[in-house]
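The next block holds one structure in the form of structure tokens; read it before the comments.
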Amino acid sequence: MERLNPQSRRDPYGSRINRRESTLLAYGLPWATILLGSLTPWLPIISPAPVLPPVGFLLLLAWRLLRPGLLPPWAGLPLGLFDDLYSGQPMGSGVLLFSLALIVIELIEFRFPWRNFWLDWLTAAGIIVPYIMAAALISGAELSPVQLMAIAPQILLSVVLFPIIARIVAMLDRLRLMRVRRID
Amino acid sequence: MTPPAHRRSGVNRKAQLGVFTGYVVAGLGVVFGAALLTISLLRPATFNGLRTMASDAAAPIGIVGAEGRTGVKDVLDAIAGYYRAGSRNAQLEEEARIARVKLAEAEAIKQENARLKAVLALTTEDPRPVAVARLIGSTSSSARRLGYISAGRNHGVRPGMPVTSPMGLIGRVLEAGAVSSRVLLLTDSESMVPVRRATDNVVAFAEGRSDGSLRLRLVNLGINPIKPGDVFVTSGAGGLFRPGTAVAIATEITRDGAIAQLLSNPAATDVVVVEPIWQPEALEALQAHSLDASPVPTD
């Protein structure tokens, strides 16, 4: 039998015949990955100084910038609360900063509705740097020049790491839209 | 790429309301977060229960991770076995490092004994450890330096207990859950430990700087007697920490003390020991006294 278009039966998201996307995967995966990212304090890395980037927050930014509208604007409330349970920050710091970050992205999006790699990175950097500084400020720790020096590597690492996290999120997004549900 | 069109709600009344509600809830999230933050900054113990429950729930992940860490170390050891000379050298260096710390501690204990014997005919004995636990995680992305250990109330751990490793003091228990606890590491900026020089009675406070080092502040100001390389041990003042546990080694002299490096780097620590509070009665008396002293007398 002669086929007209090889793409008509399969594409990178799986078979196009008899299969649909799973609602649970499509809407649950962003939440699940961000919550998992908030569990980084349980990694067996015992660091004498803050070095790891805030992975949960970076994942939130990446999902928000990749898929506007997928995470509701109030997503910062539950996600921040979960992050607070493990991050060592005082309770409420994640709720406040996550919610503010989502609102700020919303405002930036109104002003610059187009998208490209550099604008996304710039937006993320413009949010990550104040986030880490504000988190250090309200962590309850006394701030001195030494502490500001101590968070500098973390800020740099987070900003540099963001494109990689965004790439991982893009891969997860493909997984999210795989047609895994069988329909009869 | 522009945002998808369905976000612009157009003339659909329901969609408009939905978007509007989303923003209102987001704004409420900010307000709620600010309120929570204010409460937890003013009364830091308010959410302890919630947090310890959460860390109990997540502790198994940390324990698996910690076991994985030791497993990886074993594999690396096997590979390093091919370069036997190098690994043996590293092992001996490690042993020498521990021995140096032990020597300093022994010296401190000797001096402590001599002083105690001179004052009264009392002997101090090593307390039995409350629990042996794994260091299973740390807040590696926050400016606060807190660690998690795999022992909690079920193992007898209570807030305030000192946590040590074979290399020296790690910190103290801040919150104890059922099977896991949060530990305030020495490098946290809220941590303060009374210390003295291992060889004599130069007393100081060791404050965390949250960049991995400690700041030593002398109690008796005057000519700074500290020299780089001096080892500091806990002095036992305050009744929390048993005297003679190694804490830090001075590396850089400042005007009112020194900058010191931790002797027991938590990053290199796997198994830790939770010790009982050294002088619980003294500590209670001290706290009761400060509580009595705080209200203004009426007459």
Please indicate, with yes or no, whether at least one residue in region B:180-191 is closer than 19 Å to B:Arg255 by Cα and more than 12 Å from the chain's Cα centre (by Cα). no
Among the candidates B:Thr199, B:Thr164, single out the residue that is farther than 29 Å from B:Ala133 by Cα, out of contact with any Leu (no Cβ under 9 Å at 6 or more places or on another chain) and of a type outside the set (A, V, I, L, M). B:Thr199
Can you name the helices (runs of 4 or more DSSP H) wholly within region A:4-119 that have at least 1 residues being touching a Ser or Thr at 6+ places or on another chain (Cβ under 9 Å) and of a type outside the set (Gly, Ala, Ser)? A:55-66, A:76-87, A:93-111
List every residue pair whose Cβ atoms sit under 9 Å apart, with the two residues 6 or more apart in sequence or on different chains, where the first one lies in region A:6-32 and is in contact (Cβ under 8 Å) with a residue 12 or more places away in the chain and among the aliphatic types (A, V, I, L, M) and the second, anywhere, is surrounded by 12 or more Cβ atoms within 10 Å (Cβ to Cβ) and in a loop (DSSP other than H, G, I, E, B). A:Leu25/A:Leu177; A:Leu25/A:Met178; A:Ala26/A:Leu70; A:Ala26/A:Leu177
The one condition in (1) at pLDDT 85 or above; (2) more than 10 Å from chain A (Cβ to nearest Cβ) that B:Asn12 fails to fulfil: (1)
Residues of region A:107-120 being in contact (Cβ under 8 Å) with a residue 24 or more places away in the chain and either among the hydroxyl-bearing types (Ser, Thr, Tyr) or touching a helix residue (DSSP H, G or I) at 6+ places or on another chain (Cβ under 6 Å) (or both), in sequence order, are A:Asp120
Of A:Met171, A:Met178, the only residue that is more than 16 Å from the chain's Cα centre (by Cα) and among the aliphatic types (A, V, I, L, M) is A:Met178
Give the residue that is modelled with the highest pLDDT, with candidates limited to residues of region B:23-62 that are surrounded by fewer than 17 Cβ atoms within 10 Å (Cβ to Cβ) and part of a loop (DSSP other than H, G, I, E, B). B:Arg43
Assess whether B:Asp256 counts as being touching a residue at least 40 places away in the same chain (Cβ under 8 Å) and surrounded by fewer than 20 Cβ atoms within 10 Å (Cβ to Cβ). no
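The values are calculated or read from the model by the stated rules, or taken from the named source; none is laboratory data. Remember, predicted model here, so these are calculated numbers, not experimental data. Positions of Cβ are generated from backbone atoms using ideal geometry, with glycine treated the same way; all protein chains shown enter the neighbour counts.
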